[in-house]
1. Compute the acute angle (0 to 90°) between the alpha-carbon long axis of helix 30-55 and the principal axis of greatest extent of the alpha-carbon atoms of the chain; round to the nearest 10°.
2. Carbon and sulfur atoms: what percent of the 1.4 Å accessible area of the chain do they account for?
3. Would you kindly state how much longer the chain becomes between MET51 and VAL14 on full extension, computed as 0.36 nm times their sequence separation minus their alpha carbon distance, in nm to one decimal?
4. Within 15 Å, Cβ to Cβ, of THR2, how many net charges do the neighbouring residues add up to if Lys/Arg are +1 and Asp/Glu are -1?
5. Number of Lys-Lys pairs in the chain under 30 Å by Cα, sequence gap 8 or more or different chains?
6. Out of these labelled values of Cα Rg over 2.2 N^0.38 Å, (1) 1.33; (2) 1.42; (3) 1.14, which was calculated from the coordinates shown here?
7. Accessible area per residue, 1.4 Å probe, Å², for the chain: what's the number?
8. When the chain is fully extended, how far beyond the present Cα-Cα distance does LYS42 get from VAL6, taking 0.36 nm per residue of separation?
Amino acid sequence: MTIEQVKKLKAMVVEVELIKNEEAFSEKDIKEIAEGQEKIIKKQDELIDYMLSLLQC
């Protein structure tokens, strides 16, 4: 794994955590929470796809 790949991986993980924290303290409106969860799932999917692509190198 290159340094750039590690940096990108770390940035993606940090972004997922920031979204989680942002949503944890937002208004308790169910719709907003659901939208936040969708964001988390999308970012986690991107992270998984990226990690799988690294394994195929």
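The values are calculated or read from the model by the stated rules, or taken from the named source; none is laboratory data. All values derive from a computational prediction rather than experimental measurement. For neighbour counting, all protein chains shown are included, and Cβ atoms are generated from backbone atoms with ideal geometry for every residue, glycine included. Note: areas computed on protein heavy atoms with side chains; ligands, DNA, RNA excluded. Shrake-Rupley method; radii C 1.70, N 1.55, O 1.52, S 1.80 Å.
1. Helix 30-55 sits at roughly 10 degrees to that axis.
2. Values: 2880 of 4680 Å².
Roughly 61 percent of what the probe reaches on the chain is carbon or sulfur.
3. Working: separation 37, 0.36 × 37 = 13.32 nm, distance 1.46 nm.
Difference between extended and current length: 11.9 nm.
4. On the way: positive: LYS7, LYS8, LYS10; negative: GLU4.
Every neighbour counted, the sum reads +2.
5. Counting lysine pairs in the chain gives 25.
6. Computed from these coordinates, Cα Rg over 2.2 N^0.38 Å corresponds to label (1).
7. Numbers: 4680 Å² over 57 residues.
Per residue, the chain has an accessible area of 82 Å².
8. On the way: separation 36, 0.36 × 36 = 12.96 nm, distance 1.99 nm.
Net length gain for the segment: 11.0 nm.
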